[in-house]
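What follows is calculated from the coordinates using simple rules that are stated; it is not laboratory data. Everything numeric here is computed off the predicted structure, so don't read it as measured data. For neighbour counting, all protein chains shown are included, and Cβ atoms are generated from backbone atoms with ideal geometry for every residue, glycine included.
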Amino acid sequence: MKTIDELVDELAVRLNSGQTVKQKKVAKPVSAPKPEVKKECKKQCKCGGNCKHESPEKMTIAMAKELAEAVEKAAAILGVKVVVAIRDEGANLVLLHAMDDSYIASVQASQDKAYTAVALKMPTHIALDESRGGSLDGLTNGNGILLLGGGYPLRTDKKIYGGIGVSGGTKEQDTTLAMVADAYFKARFA
């Protein structure tokens, strides 16, 4: 099981920055203790705690904090200051995390992106494409729906746990950061 630093370091390599999390520190250190990625297996199997048959029942604040930490570390590599919103499967806000000096407008945008990802059960950049002649033709922004890149549903094969919304960078940066959270969610909790 990969740690947040390992996942974010992979992002750094993919972006050809050549800079790892250990080389570039986040402007505001996260005060929460380092999360342990190893799961405790409650079934009697020989998985050593790394099995995938134990999924959480719902989105928790602890899970949301881990996801926000992963996004913050990745955002530091990209050099952007973002706001992260995480909603549960019923689109209720679980966590709102704003990096220092992030845009005020990103507070609402991140929440709307997370809401859209849960409500439509798809990434927001895909929903935008689908609103232009696809299955969501005619869908527009408003009433909590925001069709901009940076929103991702957080799901396993069996169910949707919620959604994440990232705002503060370009649409490509926001989408990449939401994808980091999605990859971390799948690696850690799925």
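If I model a spin label as a point 7 Å beyond the Cα along the Cα-Cβ vector, how far apart are those points for residue 100 and residue 5 in nm?
2.1 nm
Please report, in debye to the nearest 20, how large the charge dipole of segment 61-190 is about its Cα centre when each Lys and Arg carries +1 at its beta carbon and each Asp and Glu carries -1 there. Mind showing how you got there, number by number?
Numbers: 13 positive and 15 negative charges, 57 e Å.
I would put it at about 280 debye.
From the phi of every residue in segment 116-123, what ³J(HN,Hα) in whole Hz does the Karplus formula 6.51 cos²θ - 1.76 cosθ + 1.60 yield, where θ is phi - 60° and glycine or proline is x?
So the Karplus estimates, Gly and Pro as x, are 4, 4, 6, 4, 9, 6, 7, x Hz.
Per-residue HN-Hα couplings for segment 168-185, Karplus 6.51 cos²θ - 1.76 cosθ + 1.60 at θ = phi - 60°, whole Hz, x for Gly and Pro?
Per residue, the Karplus-derived 3J(HN,Hα) values read x, x, 6, 4, 5, 5, 4, 5, 4, 5, 5, 5, 4, 5, 4, 5, 5, 4 Hz.
Please give the length that would be gained between residue 13 and residue 57 if that part of the chain were fully extended, namely 0.36 nm times their separation in residues minus their C-alpha to C-alpha distance (nm, one decimal). Before the final figure, lay out each step's value.
Working: separation 44, 0.36 × 44 = 15.84 nm, distance 3.35 nm.
Separation in residues times 0.36 nm, less the Cα-Cα distance, equals 12.5 nm.
Show me, for segment 72-79, the HN-Hα J-couplings you get by feeding each phi into the Karplus relation (A = 6.51, B = -1.76, C = 1.60, θ = phi - 60°), rounded to Hz, glycine and proline as x.
4, 5, 5, 5, 5, 5, 6, x
At what distance in nm do the modelled label points of residue 121 and residue 92 sit from each other, each positioned 7 Å from its Cα along Cα→Cβ?
Those two pseudo-labels are separated by 2.1 nm.
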